[in-house]
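Here's the structure we're looking at; comments come further down.
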Amino acid sequence: MATATGIHHRSYRAELRLRHTRAEYLRLALMAALLLSLPYNLGVYWLGIANSILIAVIGAVGLNILVGYTGQISLGQGGFLAVGAYTSANLSERGGLPVPLSIAIAVLVTALIGALFGLPALRLKGLYLAIATLASQEIILFVVRRWSWLTEGKGFVEVSRLEVFGWQVSREMFEVQWYWVLLAITTLVVLAARNLMRTALGRAFMAVRDQDIAAAAIGVNLTRSKVTAFAVSSGFVGLAGALTAHYTETVTWERFTLDVSVLYLAMIIVGGIGSIAGSVYGAVFIMLIPTLLTEIAERLTAVAPVLTEQLPAIKNAVFGLAIIVFLLVEPRGLDRIWTRVKDYVRYWPFRY
Amino acid sequence: MVTRAYQHPLNSSAVPVGAPLLEVDSVSLRFGGVVALREVSLSVAQGDIHAVIGPNGAGKSSLLNCISGLYHPQDGAITLHTGEDGRSHALTSLPPHRIARLGVARSFQNIELFHGLTVLENLMLGRHIHMRKNVLASLLWFGPARRQELEQRPLVEEVIDLLALQPYRHKPVGALAYGIQKRVELGRALCIQPSLLLLDEPMAGMNSEEKEDMARYILDVNELAGVSVVLIEHDMAVVMDVSNRVSVLDFGRLIADGTPETVKADPAVVEAYLGAEEH
């Protein structure tokens, strides 16, 4: 119960809730209202961007579980996305499995492969682990590029329009219908990640991150925790990959390069390492930057045509600049900035 | 009547008081050419506060690390008796997390708390070995995953009460004062419901007031909760006051073992601490 003197709980159950104050529930309601009204207010172009963001959120949450919560740095994100995408695409197209089933299997397969490539983490830490996961990225990408069976020799996999138990996404309402599907899945994913971090398993991940020796001394099986973290994280990433496959309807290896791994790392750094909400903010921010820059350049094209001509270069520069500024000003990312804003409002007119 | 009587026992050892709980039998530990421990043998009895003292580099922490499985000695045996149907466990070959599951809990010389987490989360991690870790249930916040969070909480709250940590429950441990962090570390070890508690310099770097507090907590843990303690400490006054038995290490060798009085009078101990007397 929130009072003027602070938040006071009357039961352990109440304390374990994700939200405690009226303000928090109000913000949640506003957020929900905004998300539910988007398809009625946005055009197809912007809704398409919203859909890409929703998929990116799933991938970023997955990566944050591994990097932010378990402290195991990974450059293999692109590879794991690829595993999810190729698995689900092939199972549904060539295997004839219903899409929900093919996605579920893709999640499990990616989790398994993630756990496998997580094995070096049992011996390696920090930069050394980063290089080992870089190897996993390159190995997976090499396999999907060269193993022509995966793409039947075409170099890409065509995925038919999403169909779930007889209901098919229509051509006219493509983005809107996908928006509802992705919004539902992403909401569940974010909630699942929040749940994970308030249970014994999630706490064990954080213990491994903060002090692995002390974690072992209180009975945390380091081997098992790290492998589980890789599996759970990769499962989330595999889901993002599989959804990409069905949403974009083509699977090509270019979509899963090292650039993508770095982009996802940028999302969680900008959003907030070790924060589920931060993964969401980061994904939104990083996915919106290029689009917003394009918009701005187009508006200013009459005044400064050089902006449109040099747009790709400007995008890269702004992107890099944003990350440097975040690392310098607020290493704990957008999530921390948002917390500070909330505190400022809450304590106003006092400073703290 | 309202009582503050604690509902949960903190001691999980069923060994009768006075009987041997932990037996270290001629343990030797080498790092390359450096010998950290040389055929050290000692026995910790249930119910004791057993101090291990010695000059810097004598091998005290190495001994503790051997017991808790962080180091594996090349020679010798370490046996933990759990008391239930006379079972005993050889600790030398077990990894640390398996030893923790037998109830051997410890604190560290330099505080090794989980800095990003709150006091409560640190203490709940002390309950780790008593909780199930099912991935699907955790993701769904369903069934045992949720239920056990509620079930484990009363014991954690008793430890919070015992160590007077109530004001810090939801504070991130990284932001707490040094003395409080030491107390949280003791609390985390207690939440395991230890059969044996290993404390590596719990009072290092404290002022005399904080030391008194900590000594009081250790005595409470031992006398009220019945937990056997192995204590490494440099402050002789504290050691002589709180412990029932003292073992003295010097250059990796056990040079004395006995009650505080006999150890204090032992010429070998005096020599190790003050240097040989000139004749």
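Values in this text are rule-based calculations from the coordinates and carry no lab data. A quick note: this is a predicted structure, and the numbers were derived from the prediction, not measured. Ideal geometry is used to build each Cβ from the backbone, glycine not excepted, and the neighbour counts take in all protein chains shown.
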Fewest-first ranking of A:Ile218, A:Ile53, A:Ile103, using other Cβ atoms within 10 Å as the exposure measure: A:Ile53, A:Ile103, A:Ile218
If you rank A:Phe165, A:Phe80 by fewest surrounding Cβ atoms within 10 Å, what's the result? A:Phe165, A:Phe80
Enumerate the amide H contacts of B:Leu198 below 5 Å, restricted to partners 5 or more residues apart or on another chain; note that Pro and chain-start residues carry no placed amide H. B:Ala105, B:Arg106, B:Ser107, B:Val230
Expected unfolding gain across A:Asp343-A:Phe156 under the 0.36 nm per residue rule, minus the alpha-carbon gap, is 62.4 nm
Is the stretch A:21-257 best put as rounded, prolate or oblate by its Cα gyration tensor, with a ≥ b ≥ c the root eigenvalues, rounded for a/c under 1.5, and otherwise prolate when a/b is larger than b/c, oblate when not? oblate
Would you compute, from DSSP H runs of 4+ residues alone, the mean residue ellipticity of chain B at 222 nm, taking -39500 (n - 2.57) per run and dividing by the full residue count, rounded to the nearest 500? -10000 deg cm²/dmol
Size descriptor, Kirkwood hydrodynamic radius, that averages inverse alpha-carbon separations across the stretch B:117-192, Å: 12.8
Karplus couplings for the stretch A:159-166 from phi (6.51 cos²θ - 1.76 cosθ + 1.60, θ = phi - 60°), rounded to Hz, Gly and Pro as x? 10, 6, 4, 4, 9, 10, 6, x
May I ask you to evaluate 6.51 cos²θ - 1.76 cosθ + 1.60, the Karplus curve with θ = phi - 60°, for each residue of the stretch B:175-186 and list the ³J(HN,Hα) values in order in whole Hz, giving x for glycine and proline? 8, 8, 5, 3, x, 5, 4, 4, 5, 4, 5, 4
Highest GNM mean-square fluctuation among A:Phe326, A:Phe205, A:Phe142, for chain A with Cα springs under 10 Å, belongs to A:Phe142
Using the number of other C-beta atoms within 10 angstrom as an exposure proxy, rank B:Ser61, B:Ser41, A:Ser170 with the fewest first. A:Ser170, B:Ser41, B:Ser61
Could you calculate the FRET efficiency of B:Glu261 with B:Leu219 from 1/(1 + (r/R0)^6), where r is the beta carbon distance between them and R0 is 22 Å, rounded to 0.05? 0.75
Length-normalised contact order of the stretch A:21-257, Cα under 8 Å, at least 6 apart, in percent, tallies to 41
Diffing the stretch A:315-330: the Karplus 3J(HN,Hα) column from phi (6.51, -1.76, 1.60, θ = phi - 60°), in whole Hz with x for Gly and Pro, holds 4, 4, 5, 5, 4, x, 4, 4, 5, 4, 4, 5, 4, 6, 7, 9
For chain A, with a Gaussian network of springs between Cα atoms less than 10 Å apart, report the residue from A:Leu191, A:Leu334, A:Leu134 with the top mean-square fluctuation. A:Leu191
Using alpha carbon centroids, what distance separates the stretch B:223-279 and the stretch A:1-61, in Å? 59
Collect residues whose amide H, placed 1.01 Å from N in the peptide plane, falls under 5 Å from the amide H of B:Leu37; neighbours closer than 5 in sequence don't count. B:Leu29
FRET efficiency for A:Leu108 and B:Ala175, Cβ-Cβ distance as r, R0 = 30 Å, nearest 0.05? 0.15
Amide H contacts under 5 Å for B:Leu21, placed H, 5+ residues apart: B:Val44, B:Ala45, B:Gln46
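Could you give the alpha-carbon Rg of the protein assembly as shown over 2.2 N^0.38 Å, rounded to two decimals?
1.13
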Computed from the beta carbon distance with a Förster radius of 22 Å, FRET efficiency for B:Ala14 and B:Ser93 to the nearest 0.05 stands at 0.40
Among all stretches of chain B without exposed trypsin sites (Lys or Arg not before Pro) (DSSP loop, at most 12 other Cβ atoms within 10 Å), which one is longest? B:88-279
Compute the separation of the alpha-carbon centres of the stretch B:156-180 and the stretch A:168-182 and state it in Å as a whole number. 51
Spin-label model distance (nm) - B:Ala237 vs A:Leu101, 7 Å beyond Cα toward Cβ: 7.7
